[in-house]
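Data block below; observations after.
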């Protein structure tokens, strides 16, 4: 009878750890998708809307570089605010997410919950 509370406490702490890490991963993925959507909205103003086929981050990166190369100097400030900053935030969050799920205790939970690198 003396070991049962210890096992219950240990199991509860492991469960809480799994839930917190899972929620953190979901939060990063949500932020990443929001910044990608903001970048797509900004790119629509430069006639570089997304296609129905490929909607991944690589397509976004290609469209960003294409818009940046065709940019006039007058539109530089608006492009910086509407496109470049959300794109940079998306890249930062992608890097943080991928590094987070590559670390050892978190990688087990990511595999358990089915999360993969962005």
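The values are calculated or read from the model by the stated rules, or taken from the named source; none is laboratory data. The model shown is predicted, which means the values in this text are computed figures rather than measured ones. No Cβ is skipped: glycine too gets one built from the backbone with ideal geometry, and neighbour counts run over all protein chains shown.
Taking residue 41 as the residue in question, decide whether it is surrounded by 13 or more Cβ atoms within 10 Å (Cβ to Cβ) and in contact (Cβ under 8 Å) with a residue 24 or more places away in the chain.
Taking the combined requirement at face value, the residue satisfies it.
Being at pLDDT below 90 and under 17 Å from the mean Cα position of the chain (by Cα), is that true of even one residue in segment 86-109?
Checked segment 86-109: no residue is at pLDDT below 90 and under 17 Å from the mean Cα position of the chain (by Cα).
Here is a yes/no grid of residues against (1) without any contact (Cβ under 8 Å) to a residue 12 or more places away in the chain; (2) in contact with a strand residue (DSSP E or B) (Cβ under 6 Å, 6 or more places away or on another chain); (3) surrounded by 11 or more Cβ atoms within 10 Å (Cβ to Cβ); (4) not in a loop (DSSP other than H, G, I, E, B):
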site	(1), (2), (3), (4)
59	yes, no, yes, yes
74	yes, no, no, no
85	yes, no, yes, yes
98	no, no, yes, yes
107	yes, no, yes, yes
